[in-house]
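Below is one structure; the comments refer to it alone.
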Amino acid sequence: MQVIITGAASGIGRASALRLGRRMKVVVADRNIEGARQVAGEIEAAGGVALGVEVDVTRRASVAAMVASARKAFGPVDALFANAGVNRRNPVDQISESDWDLMMDTHVKGVFLCCQAVLGEMVERGKGAIVNTSSDFAIMGVAGNATYTSAKTAIYSLTKAIATEFTPKGIRVNAIGPGPIDTPLLASGRNDEQHAALKQKFAAALPLGRMGQPEDVAFVVDFLLSERASYISGQILHPNGGQLMW
């Protein structure tokens, strides 16, 4: 079996690739091709099978090339973890049109293009599993990060729409909604002092009393892409340290 993981060169994507590499062939896809190849090498060094692939999820041709490379290397695509993401933080009245477009293209269009690229063959085979990366912010909202929040909310809605349409055809489609996870994306745009202060703030506020690690989310992704989650579709699961409770 094989899985395609986008945004797999670092953070949650990397941790998920390393974990899934224990039981699946992994296509490690990222804009950072050197990083993708490095993660693929780590998987192979641990006894797994992997391929590093460059992809820009905002471009249909690039996504199609990624999927074609996956099929050529490992055969049918059994699973997809659409995880690629970026962030731009600004108050609403300071959000530029280019930043808005970047966030929507990377997150929402990227998930759409990746899902669309694999759904056809999954339908033909009557099985498949997809996980998309949303966020706690899809439910909570947050000040100063409207672009990210809007994109992650759209991903959750898109996930439910795809699940409604394709679950009857044998494809399970779910989302994850991570809370505060210590990844390079969290640190982006912040200096070391700001990053450390933010981690301390999150840890103090979370019921579990600590920041999440990428591996905490990888466990959930592994579960959702496995037969252990065979009765779960159209949901968002929140590895979040208790930040958001239902």
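Here are some notes:
- Of the listed requirements (1) within 15 Å of the chain's Cα centre (by Cα); (2) among the small types (Gly, Ala, Ser); (3) at pLDDT below 95; (4) not in a loop (DSSP other than H, G, I, E, B), Gly179 misses just one: (4).
- Test: residue in segment 1-10 that is surrounded by 22 or more Cβ atoms within 10 Å (Cβ to Cβ), under 19 Å from the mean Cα position of the chain (by Cα) and part of a helix (DSSP H, G or I): no
- Checking each residue in segment 200-233 for being part of a loop (DSSP other than H, G, I, E, B) and surrounded by fewer than 17 Cβ atoms within 10 Å (Cβ to Cβ) picks out Pro207, Leu208, Gly209, Arg210, Gln213, Ser226, Ser230, Tyr231, Ile232.
Conditions tested, residue by residue: (1) without any contact (Cβ under 8 Å) to a residue 24 or more places away in the chain; (2) within 13 Å of the chain's Cα centre (by Cα).
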site	(1), (2)
Thr147	no, no
Pro184	no, no
Asn191	yes, no
Ala196	yes, no
Leu224	no, yes
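- Residue within segment 152-160 that is free of Cβ contacts under 8 Å to residues at least 40 places away in the same chain, closer than 30 Å to Ser96 by Cα and in contact with a Leu (Cβ under 8 Å, 6 or more places away or on another chain) present: no
- Residues of segment 234-246 satisfying the condition of being in a loop (DSSP other than H, G, I, E, B) and within 19 Å of Ala82 (Cβ to Cβ): Gly234, Gln235, His238, Pro239
The values are calculated or read from the model by the stated rules, or taken from the named source; none is laboratory data. Keep in mind that this is a model prediction, so the values were computed, not measured. When we count neighbours, we look across all protein chains shown, and the Cβ atoms used for this are built from the backbone with ideal geometry, even at glycine.
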